[in-house]
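Read through the structure below, which is laid out as structure tokens, and then see the notes.
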Amino acid sequence: MDEEIPPIAEQQPANWEKIDAIADRLMLLANQLLESKLSRTSASSSTSSTMNPPEESFVDELEADENLILLAAPLFARLKSINRSSSSMVSSFKSQTQLIRNQVDQIHLDLQNLIYERRHLEKEIKKCQDFESEYQNISIHSLEEYFERNPEDKRDGPEEIDGHELMIKRLKFELSERKRFEAEKKELLQKKLKLSKENDEKKSKLDELEKQLDRFVVTAKEIQSKMANQV
């Protein structure tokens, strides 16, 4: 196919390292926030029976918790950004994968078509190889006789005539010879007919001459008989 397959980008290990680092940082902040709340709860329960906790200490602890939350906010934002980037990457991967799948399917279809065409051509070649041409049943001059009559075609080495061309030349030679024989045959037949006609004419003349001789003999006998009677 003409369309180039776009390369699928590899997931960068740095992204995973960033996610691990952010997760570790968030885990640390969560532990600190949890420890702060547990510590504050424990301190509140231990002092509730004796005195009220100092307001300034409570406010400081709340500010510390807020600072922890503020520190976590950009980390969550970073995670969301990485998540969006990953989703976009996954969508791109799916699109590229579908494109590659379509191209692979087309290549497979083209391959099947080529296999079918190859089998068809192999069958046609087999038919041609098994085909018995009419020239194979024709009695022609032997190769030695052909070279004897056409010595210019008897060449060796790089100038040697290939078998196919040589067979065509032999068939053309055979055709010319048969045409020559046919012409000679017709000429001989014409001579034969002429001689036969001349023989028929001569035979007819001989037959007529024989009839004349017979009539002459009869007439001679009649004359001889009359002369004998007169004597």
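Odds and ends about this structure:
- In segment 69-78, the residue that is farthest from Leu29 (Cα to Cα) out of those that are surrounded by 14 or more Cβ atoms within 10 Å (Cβ to Cβ) and at pLDDT 80 or above is Arg78.
- Within this structure, Phe216 fails the test of being assigned by TED's automatic domain parsing to the domain that holds Pro151 and touching a Lys or Arg at 6+ places or on another chain (Cβ under 8 Å).
- In the set Met167, Met227, only one residue is surrounded by fewer than 10 Cβ atoms within 10 Å (Cβ to Cβ), of a type in the set (A, V, I, L, M, F, W, C) and either in a helix (DSSP H, G or I) or in contact (Cβ under 8 Å) with a residue 60 or more places away in the chain (or both); that residue is Met227.
- Some residue of segment 123-135 being over 30 Å from Glu17 (Cα atoms), among the aromatic types (Phe, Trp, Tyr) and part of a loop (DSSP other than H, G, I, E, B): yes
- Count of segment 136-164 residues which are assigned to a helix (DSSP H, G or I) and not basic (Lys, Arg): 16
- Here Ile107 does not qualify as under 30 Å from Leu175 (Cβ atoms), among the aliphatic types (A, V, I, L, M) and modelled with pLDDT of 85 or more.
The values are calculated or read from the model by the stated rules, or taken from the named source; none is laboratory data. Nothing here was measured: the structure is a model prediction, and the numbers come from that model. Don't worry about glycine lacking a Cβ; one is built from the backbone with ideal geometry, like all the others, and counts go over all protein chains shown.
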